[in-house]
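The values are calculated or read from the model by the stated rules, or taken from the named source; none is laboratory data. The structure displayed is predicted, hence computed values, not measured ones. Every residue, glycine among them, receives a Cβ derived from its backbone with ideal geometry; neighbour counts consider all protein chains shown.
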Amino acid sequence: MKSWVFLALTVGALLVGAGLHLLGYTMVGDVAWAAGTAVAVPPAIWWVVSALRERRLGVDAIAVLALAGALAVQEYLAGAVIAVMLATGRALERYALRRARRDLTALYERAPRSARRYVDGMPTPVGIDEVRRGDLLLVPTGEIVPVDGVVARGAAVLDESALTGESVPVEYTEGDSVRSGVVNAGAAFDLRATGTAQESAYAGIVRLARETEADTAPVVRLADRFAAWFLPATLLLAGLAWAVTGQAVRAVAVLVVATPCPLLLAAPAAIAAGLSRTARRGVVVKGGAALETLGHARTLVLDKTGTLTAGRPEVFDVVAAPGFRAGDVLRWAAGVDQMSSHVLAAAIVRACSARGLTPPAASGVTEQPGVGATGMVEGHRVHVGKAPAVPATEWMAAQRARAALDSAMTVWVTADDHVAGVILLRDAIRPDAARTLRRLRTAGIDSVVMLTGDRAEVAESVGAVLGVDRVLAEQSPAAKVAGVREEADKAVTVMVGDGVNDAPALAAASVGVAMGAHGSAASAQAADVVLTTDRLDRLADAMDVARRARRIAVQGAGVGIGLSLLAMVIAALGWLPPTAGAMFQEGIDVAVILNALRALRPAPGTRLRVDAGTDALLRRFEHEHAALRPPLDLIRQTADELDRPEAPARLHRLHAFLTEELLPHEQAEERRLYPAVSRLLGDPEATVTMSRAHAEIGRLVARLGRHLDLAASGGLSAGQLDDLRACLYGLHAVLTLHFAQEEEAYFSLTSDV
């Protein structure tokens with residue numbers, strides 16, 4: 001029977017019976033109440049049978065006995081009230097604990113269904129099941145690689161995020177092995193199949209997802225955890241009351257007030273309120289069981305790309321070779337790359353615009369997958385991509401070493417066959433990641449594990465910055481599932497991911513969490529929790545809500561059962577007849593529901609409430625940071641090139657930027673933002689360390705100004721260079737750290753991104 005039908009029938013019978021009694025039709029009214037009671041008996045019996053099939057004896061057995069007893073001793077009103085209580089509890093439970101379907105539809109639908117096989121030298125569409133080992137296939141631009149194979153002709157640029165989660169496309173040359181499920185992000189290429197579709201990597205992901213989905217069991221209802229002692233205690237007390245007094249009505253009264261509605265209502269009502277609360281915070285929790293499990297998680301497993309990091313590469317430095325300018329290097333590269341769809345090209349074009357530069361027009365642009373793009377820009381033949389085939393210089397070796405130390409990707413720029421510079425890119429850590437991990441540890445997470453398909457050196461670098469307990473890098477989808485299962489065997493485990501490749505691991509975890517704002521539909525459908533906003537800190541909010549909802553549910557159940565036990569004793573003594581007991585029990589139910597609704601409100605002190613004025617300030621200075629960040633590269637570049645003839649002019653331009661743009665920004669923060677943040681945090685000393693950084697920045701800028709004053713007459717002296725270089729490097733380091741600290745500690749407090 002549908003829960004809403006059950007509720008309508010029982011409430012209708014109770015109201016009709018009450019109306020008939022008021023009109024003087026007592027016997028007919030009793031029949032209506034008896035009918036309402038009888039309607040509740042079959043569902044209650046079915047719940048008991050279902051529990052027994054699962055080798056559980058739930059407290060629903062008390063409800064069956066109470067209903068049958070009410071009919072037997074002709075306490076029809078009491079039976080009707082019990083029926084309404086049961087129907088209400090079941091309706092709330094169905095609403096709050098309904099599990100979401102986890103069929104991973106998007107993952108399955110993404111699986112390739114056709115391929116382009118060469119037949120008589122022409123690519124011909126065939127069904128995916130027709131592909132055999134050794135077949136030569138064409139993989140057009142933008143299409144999914146249908147089966148595992150090797151690059152037969154040409155070069156391949158592949159977006160492997162579906163398998164590894166890594167946002168940067170990977171370049172393959174002839175003879176390299178390629179896995180199915182990745183997307184051709186470059187020019188069309190030929191693939192020699194090394195297996196059938198069923199033997200390929202993507203089919204394995206789908207199988208893993210289905211297997212792990214089946215392995216995940218629902219959480220047992222909170223009510224049944226009390227059955228081990230509550231059910232025997234109730235039957236014993238009812239039996240004693242009947243045996244000692246010989247009055248069956250006393251036993252029925254005990255059963256009526258023992259009807260476990262506080263248990264049936266406390267958890268669903270609190271969890272339903274918790275689900276509503278998380279939804280307001282941009283977190284969709286797929287059912288009460290997931291929220292309850294989230295409330296006592298102890299291990300957090302995180303994917304890296306798109307979860308702890310932004311999910312796309314960004315330029316963080318442009319280094320010009322001797323004889324060239326960094327601005328020209330970036331402009332020329334952007335001029336060529338604005339014609340390309342490569343993800344690194346897009347990052348270079350964005351960086352050029354962010355630095356206030358305009359990419360020049362390029363002509364005759366050609367792009368060679370796996371190598372790069374070439375075009376004519378401002379009279380120069382510019383190539384952007386892999387390092388040129390020229391003897392490595394000391395300068396080039398230094399840039400490669402720096403890229404390795406910074407875990408950065410490199411894009412080399414040549415002009416007229418001369419190395420002009422190198423552009424360094426990396427996937428930046430989310431500003432809110434560190435704060436979120438600290439909050440999660442406070443909320444009860446004991447262990448944080450990073451699980452990623454990315455390179456070990458990159459993953460370990462991110463893990464070190466964020467204080468992750470364990471880093472597992474270069475993990476295949478199967479290895480991710482195994483890693484999550486290993487953690488889940490030791491403790492309740494939450495897995496956070498955003499890619500198609502994360503779907504099986506999300507389903508294997510105790511609770512899977514998907515970054516739904518920019519992640520794949522497959523990961524969102526595989527997960528128990530979906531973050532609809534692109535903020536990891538919402539997970540910490542959800543855990544706070546889950547723990548509070550669970551605490552309120554247990555509290556409500558405990559108080560309700562305590563009152564029920566007291567009422568059972570009073571009923572056994574004959575001081576509480578069945579009808580009055582049913583009404584008393586209904587009062588307990590109302591109190592339990594009202595208590596449970598407290599979960600709709602945030603717990604005191606769990607999250608800062610940012611007022612509109614402070615939020616506006618945080619956003620203003622966050623935008624200013626975004627504008628000031630690119631010019632910070634000038635500080636390091638100037639320090640690197642102090643021995644060049646143009647160094648004095650660059651120093652003057654840098655000093656003008658620092659005194660006219662950067663310092664006014666820092667002073668405005670000191671006057672307006674920091675007092676607002678101190679009031680928000682309730683601690684006048686909260687921004688002292690940041691103010692100290694401002695003082696150090698001001699000192700270093702003043703030192704730079706004094707150096708320029710000394711050089712005003714005769715230029716920079718050899719004795720100034722070492723101190724000036726140390727001053728610039730120190731200023732760059734302090735500013736970089738200070739910006740990161742403000743973004744993590746303050747700007748992540750904004751109400752949304």
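Within the group ALA310, ALA320, ALA361, which residue is at pLDDT 85 or above and farther than 17 Å from ASP633 by Cα? Lay out the reasoning, then the answer.
On the way: ALA310 fails: at pLDDT 85 or above; ALA320 fails: farther than 17 Å from ASP633 by Cα.
The match here is ALA361.
Taking the criterion of being at pLDDT below 80, within 38 Å of the chain's Cα centre (by Cα), more than 25 Å from VAL492 (Cβ to Cβ) and not β-branched (Val, Ile, Thr), would at least one residue in the range 206-215 satisfy it?
Checked against the condition, which is being at pLDDT below 80, within 38 Å of the chain's Cα centre (by Cα), more than 25 Å from VAL492 (Cβ to Cβ) and not β-branched (Val, Ile, Thr), the range 206-215 yields at least one hit.
Just need a number here: residues in the range 698-738 that are in contact (Cβ under 8 Å) with a residue 40 or more places away in the chain, over 16 Å from ALA649 (Cβ atoms), in contact with a helix residue (DSSP H, G or I) (Cβ under 6 Å, 6 or more places away or on another chain) and not charged (D, E, K, R).
7
At pLDDT below 85, of a type outside the set (Gly, Ala, Ser) and part of a helix (DSSP H, G or I): is that true of VAL458 in this structure?
For VAL458, the condition - at pLDDT below 85, of a type outside the set (Gly, Ala, Ser) and part of a helix (DSSP H, G or I) - is met.
How many residues does the range 232-273 hold that are modelled with pLDDT of 75 or more and not aromatic (Phe, Trp, Tyr)?
Total meeting the criteria: 26.
Is at least one residue of the range 653-661 part of a helix (DSSP H, G or I), modelled with pLDDT of 90 or more, surrounded by 14 or more Cβ atoms within 10 Å (Cβ to Cβ) and of a type in the set (S, T, N, Q)?
yes
Taking the range 556-571 as the region of interest, how many residues are touching a residue at least 60 places away in the same chain (Cβ under 8 Å) and either charged (D, E, K, R) or within 28 Å of ARG277 (Cα to Cα) (or both)?
Total satisfying the criteria: 5.
Working only within the range 298-328, note down all residues that are in contact with a helix residue (DSSP H, G or I) (Cβ under 7 Å, 6 or more places away or on another chain), of a type in the set (Ser, Thr, Tyr) and more than 23 Å from HIS732 (Cα to Cα).
THR299
Looking at the range 719-740 only, could you name the residues that are surrounded by fewer than 18 Cβ atoms within 10 Å (Cβ to Cβ) and over 14 Å from ILE697 (Cα atoms)?
Across the range 719-740, the qualifying residues are GLY719, GLN720, LEU721, ASP722, ASP723, ARG725, ALA740.
Which numbered condition in (1) assigned to a loop (DSSP other than H, G, I, E, B); (2) surrounded by fewer than 19 Cβ atoms within 10 Å (Cβ to Cβ) is the only one that THR307 fails?
(2)
Name the residues in the range 337-363 that are without any contact (Cβ under 8 Å) to a residue 60 or more places away in the chain, within 36 Å of the chain's Cα centre (by Cα), outside any loop (DSSP other than H, G, I, E, B) and surrounded by 17 or more Cβ atoms within 10 Å (Cβ to Cβ), would you?
ASP337, ALA345, VAL349, CYS352
Can you confirm whether the range 143-165 contains a residue that is at pLDDT below 85, of a type in the set (A, V, I, L, M, F, W, C) and in contact with a helix residue (DSSP H, G or I) (Cβ under 8 Å, 6 or more places away or on another chain)?
yes
Restricting to the range 364-395, what's the tally of residues that are of a type in the set (Gly, Ala, Ser) and loosely packed, with under 15 Cβ neighbours inside 10 Å?
Result for the range 364-395: 4.
Restricting attention to the range 421-435, does a residue exist that is more than 23 Å from VAL315 (Cβ to Cβ) and in a strand (DSSP E or B)?
Among the residues of the range 421-435, not one is more than 23 Å from VAL315 (Cβ to Cβ) and in a strand (DSSP E or B), which makes the answer no.
Within the range 119-138, can you find the residues that are closer than 11 Å to ALA193 by Cβ and assigned to a strand (DSSP E or B)?
Scanning the range 119-138 gives LEU136, LEU137.
Tell me the residue from THR299, THR366, THR374 that is within 25 Å of SER510 (Cα to Cα) and of a type in the set (Val, Ile, Thr), please.
After applying the criteria, what remains is THR299.
Can we say ALA398 is within 26 Å of VAL319 (Cβ to Cβ), out of contact with any Asp or Glu (no Cβ under 9 Å at 6 or more places or on another chain) and either surrounded by fewer than 18 Cβ atoms within 10 Å (Cβ to Cβ) or charged (D, E, K, R) (or both)?
yes
Which of the residues spanning the range 473-486 are crowded, with 24+ Cβ neighbours inside 10 Å and at pLDDT 80 or above?
LYS480, VAL481, VAL484 - these are the residues of the range 473-486 that are crowded, with 24+ Cβ neighbours inside 10 Å and at pLDDT 80 or above.
Within the range 101-108, identify whether any single residue is at pLDDT below 80, surrounded by 21 or more Cβ atoms within 10 Å (Cβ to Cβ) and in a helix (DSSP H, G or I), and answer yes or no.
Yes, the range 101-108 contains at least one residue that is at pLDDT below 80, surrounded by 21 or more Cβ atoms within 10 Å (Cβ to Cβ) and in a helix (DSSP H, G or I).
Listed residues ALA61, ALA32, ALA66; which is modelled with pLDDT of 85 or more and surrounded by 20 or more Cβ atoms within 10 Å (Cβ to Cβ)?
ALA32
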